[in-house]
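Here's the structure, in structure tokens; my notes come after.
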Amino acid sequence: MESISFKPEILERIIPDVSLERHLKIGIRSNQRLFDEFKNIQILSQKSSHLLTTSYIQNGNTLVICNISYGITELLGGETPEQYSSVYPTLSISRGRSGAPTDEEMNLSQKLYESTLHSRILPSNSLIFKPKVMIDDNLEDLDTNKQFKFNLFVNLKVFDRSGPLFDVCHFALVTSLKAVKLPVIYLNDSFVKLSIDNLLAYPDAELVPLRLNMEVPLVSSNFGLYNLDEKNLIICDLENESEESNIISKVNVVSDGKAFNEFTLINGSLLNITRDEIKSLLRTSKQRAKAINSV
């Protein structure tokens, strides 16, 4: 009987677990990256206006378009918000079809919301304002007890995904937040309606950079732990079906290059993970964050 052989990329689709083990046994990955090598992540372009901040972020072959817009709500009856706020993300992964959000899209959106909130990078008082008033084409302070709050809405569109998406979506979100500039909001002549319309006619109209509790962007790094011949292999930045599906012990670390904001461990394979391995993960994530923020 003739033996059947498959190209590596076909084998990975048919039996990804076998493909993964075969590659790791000979010390390589199917994507040709080193075990400790991350895909390049970069800001392709970024633009902020009165109404919208847009960023294009590339991570390997994956492209993320991040749009941040805002809404406004009035704080009623002396309402005092929590000290830190979050954003309201909506994420969609391009698959060539439309339909209801998938579990992955909803889970990622929720995770981005919680990460932003718990990292305390967005102080609520940076979103709260008192409106001004337009008098003879000049903006003047208004003596009023009325207070309003910006709410930031984040829309993330992912194209050509090739691995876990939290890292690149998190980077797109935090770097876009650093670019956000909010307009000065004023009341019209009747002191009833909030507006920015007249300001749009002035190229030099005042825009206020969003104040964040973050000196440099936070960088999320993901790792997989795979037991091969009784030894744990640390694999940086999982990619392709064979790695993402079959490496089920995973670590995610968020760092600014100096300190750590988040550490998440899902030990799906019930591995015996050592203290030195944890230290190695933390050290690598810090080095990566420093490298990205130094560019």
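The values are calculated or read from the model by the stated rules, or taken from the named source; none is laboratory data. All figures in this text were calculated on a predicted structure; none of them were measured in a lab. Counting neighbours? That spans all protein chains shown, and the Cβs are built from the backbone with ideal geometry, glycine included. Ligands, DNA and RNA are excluded from the accessible area calculation, which covers all protein heavy atoms including side chains. Shrake-Rupley method; radii C 1.70, N 1.55, O 1.52, S 1.80 Å.
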Only one of Ser109, Ser92, Ser45 is surrounded by 14 or more Cβ atoms within 10 Å (Cβ to Cβ), part of a strand (DSSP E or B) and at pLDDT 90 or above; which? Ser92
Of all residues in the range 244-295, which are open to solvent by 40 Å² or more (accessible area, probe 1.4 Å), in contact (Cβ under 8 Å) with a residue 60 or more places away in the chain and more than 21 Å from Leu112 (Cβ to Cβ)? Ser245, Asn246, Val295
In this structure, does Glu215 turn out to be farther than 30 Å from Lys47 by Cβ, modelled with pLDDT under 95 and under 19 Å from the mean Cα position of the chain (by Cα)? no
Could you count how many residues in the range 48-69 are closer than 22 Å to Asp167 by Cβ, outside any loop (DSSP other than H, G, I, E, B) and not aromatic (Phe, Trp, Tyr)? 13
Taking the range 74-89 as the region of interest, how many residues are exposed (fewer than 13 other Cβ atoms within 10 Å of the Cβ) and either in a helix (DSSP H, G or I) or among the polar types (S, T, N, Q) (or both)? 2
I need the full set of residues from the range 211-240 which are assigned to a loop (DSSP other than H, G, I, E, B), on the phi < 0 side of the Ramachandran plot and surrounded by 21 or more Cβ atoms within 10 Å (Cβ to Cβ), in order please. Pro217, Leu218, Leu238, Glu239
Would you say Ser85 is small (Gly, Ala, Ser) and out of contact with any Ser or Thr (no Cβ under 9 Å at 6 or more places or on another chain)? no
Select from the range 119-136 the residues that are of a type outside the set (D, E, K, R) and part of a loop (DSSP other than H, G, I, E, B) and write down the one among them that is farthest from His170 (Cα to Cα). Pro131
Single match in Asn145, Asn125, Asn138, Asn155 (criterion: surrounded by 13 or more Cβ atoms within 10 Å (Cβ to Cβ) and not assigned by TED's automatic domain parsing to the domain that holds Glu239): Asn155
Looking only at strands (runs of 3 or more DSSP E) that fall completely inside the range 137-183, which ones have 2 or more residues that are closer than 24 Å to Leu207 by Cα and aromatic (Phe, Trp, Tyr)? 147-159
